[in-house]
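For reference, the structure is listed below as structure tokens.
The values are calculated or read from the model by the stated rules, or taken from the named source; none is laboratory data. Everything numeric here is computed off the predicted structure, so don't read it as measured data. Cβ placement follows ideal geometry from the backbone for every residue including glycine, while neighbour counts extend to all protein chains displayed. Accessible surface areas use protein heavy atoms only, side chains included; no ligands, DNA or RNA. Shrake-Rupley method; radii C 1.70, N 1.55, O 1.52, S 1.80 Å.
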Amino acid sequence: MKLGALVTLKDVSKSYQSITGDRIQAVKNISFQLDEGEVVALVGPSGCGKSTILRMIAGLEKPDSGAVEEVRSERFLIGYIFQDSSLMRWRTVYNNVKVPLEILGINKPERVQKMIDMVGLSGFEKQYPNELSGGMQRRVSIARALVHEPTVLLMDEPFTGVDEITKELLQTDLLYIIGGLGVTGVLVTHDVEEAVYLADRVLVMSAHPGTIIEEVRVPLPKTREPVMRTQEPFNLCCKEIRDKLHLLTPRRPETR
Amino acid sequence: MRKNVWAFAKKEWPVAASLAIVLVVWQFISQTGIVRSFLLPAPTQIISAFQHSRVDWLSNTLVTLNEILVGFAVAVVIGISLAILISLSPLARKMVMPYIVVSQVLPTVAIAPIIYIILGFDNTSRVVLVLLISFFPIVLGTVTGLTDVDQNLIYLLKSLGAGKVKIFYKVRLPNSLPHMFVGLRIGITGATIGAVIAEFVSSNSGLGFLITTSLTNFDTTLSYVAIVILTFLGLVLYGAVELTGRLLMPWLRSR
């Protein structure tokens, strides 16, 4: 299965100019490798530059120092799932899913229908996004992100703002879709359970500046079932990550 | 079909009812002399004046309609072009925007005579006055729509290798439509005002011309007829813009 690294980040740093003119270090000395067929999660507090890392992998931003190296294949394609679906509200479900094919000039309409069926939206092709529930909108954005068979799937907090029950259903569906298609992906999240459930490896980050402080391998088989979320290995792994994030350290507010 | 008519009547009866009340009260006030009918002719008087006066209502309405439509069409073209220019270049925004704002803070009535002097006492000046009033909201609305775009959609297209042009017509342009149509709806009402102001200042035909001439002849009823026609004209034009918007933006219907 593993055919080597698709993306390698070597000592990547990136800073921004803030509105007040100060330079803010977004990420510092980030190094990791993304192998074909694996899903890596970046978990950390907000402001640790997780989304910046995704944008650099997508080629939307250049690092100040270090390098983002991508495998030189004929077509290195990016699939992107955003925090809030980010659908085109003027397009129907079908035409939203079609967007990547349109931009890339790929004429394979059968893939659109296949993806719509896969995310469970058959029959909703002609609806507009504002006619769909939040969860269904996420499904459209998943279909859109995979329709052009991307080399790497970037997931930027894909289920933030979805209610817990819908979220767990969506996570399981995404898990099966990713597994079924053999997708290579990077998942950015601040949800520890989500990271452990969906990823093979979890990179724990700290903020200000954003650095990787720990790598945790998820001790679960590649094919996962929802019930595993309730079992010991899963919980232990979550506990380990929480510990690295210092979430298990007692913090008592000073009252005096 | 019959069911539809019933459903429509059931839903919209308050509109008809309030109109009926207004007309009845109006008729009462005028007929009983609470307000002298010279100042406020009764609806029945207005209708009869419309039927019996020798004024050619149709041709005068067409004159005003022509001014509105030509002026508004030019306003749409110029307004959208300026909006695209402003949205593409911060430099253009800084250089052009002040003049656009100045053109709006200057009262149109004040500069109308000057425009007639510069451009001549003919239709060109009237079209320019219509344009001057109606283009501003179109520019503002369109600029907002072109720039207030979901950044993630731009990221998405860029990550797929799309350039500025593709992002413009795949994202910015369709995104601008609802805002653009807010501007167009305000613009078309402004266009009617512009045409009437232009005719007030100088004209020899049109509904605005009829209002001023009938008032100088102390024939208030005639000016009321012209005002009623102008109202209908304005409503029809507004409705046409609204309808165009609905046809172009089917995604807003389903809400």
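What do you reckon, is residue B:218 of a type in the set (Phe, Trp, Tyr) and farther than 15 Å from residue B:57 by Cα? Yes; evaluated as a whole, the condition is true for this residue.
Only a single criterion out of (1) more than 21 Å from residue A:36 (Cα to Cα); (2) surrounded by fewer than 17 Cβ atoms within 10 Å (Cβ to Cβ); (3) touching a residue at least 12 places away in the same chain (Cβ under 8 Å) is not satisfied by residue A:192, namely (2).
When the stretch A:93-109 is filtered for residues that are more than 10 Å from chain B (Cβ to nearest Cβ), modelled with pLDDT of 95 or more and either within 20 Å of residue A:77 (Cα to Cα) or open to solvent by less than 50 Å² (accessible area, probe 1.4 Å) (or both), the ones remaining, listed by number, are A:93, A:95, A:96, A:97, A:98. Just one residue in the set B:65, B:119 is within 27 Å of the chain's Cα centre (by Cα) and within 30 Å of residue B:240 (Cα to Cα); that residue is B:65. Residue-level analysis places residue B:177 outside the set of residues that are in contact with a Gly (Cβ under 9 Å, 6 or more places away or on another chain), hydrophobic (A, V, I, L, M, F, W, C), in a helix (DSSP H, G or I) and open to solvent by less than 20 Å² (accessible area, probe 1.4 Å).
Please report, ordered by residue number, the helices (runs of 4 or more DSSP H) entirely within the stretch A:82-158 with at least 3 residues that are under 23 Å from residue A:187 (Cβ atoms) and touching a residue at least 60 places away in the same chain (Cβ under 8 Å).
Correct list: A:134-146.
Consider the stretch A:115-147 and keep the residues that are surrounded by 15 or more Cβ atoms within 10 Å (Cβ to Cβ) and among the basic types (Lys, Arg). The one that is nearest to the other protein chains (Cβ to nearest Cβ) is A:144. Taking each residue of the stretch B:168-197 that is more than 14 Å from every other protein chain (Cβ to nearest Cβ) and under 22 Å from residue B:121 (Cβ atoms) and looking for partners that are open to solvent by 20 Å² or more (accessible area, probe 1.4 Å) and of a type in the set (Phe, Trp, Tyr) with beta-carbon atoms closer than 8 Å, six or more apart or interchain, yields B:191/B:72. Restricting attention to the stretch A:56-92 and to residues that are within 19 Å of the chain's Cα centre (by Cα) and β-branched (Val, Ile, Thr), the residue that is nearest to the other protein chains (Cβ to nearest Cβ) turns out to be A:78.
The set of residues in the stretch A:57-68 that are in contact with a strand residue (DSSP E or B) (Cβ under 6 Å, 6 or more places away or on another chain), surrounded by 16 or more Cβ atoms within 10 Å (Cβ to Cβ) and farther than 15 Å from residue A:155 by Cβ comprises A:63, A:66, A:68.
Residue pairs whose Cβ atoms lie under 8 Å apart, sitting 6 or more positions apart in sequence or on different chains, and linking a residue in the stretch A:43-55 that is free of Cβ contacts under 8 Å to residues at least 60 places away in the same chain and within 14 Å of chain B (Cβ to nearest Cβ) to a partner that is open to solvent by less than 40 Å² (accessible area, probe 1.4 Å) and assigned to a loop (DSSP other than H, G, I, E, B), are A:55/A:61.
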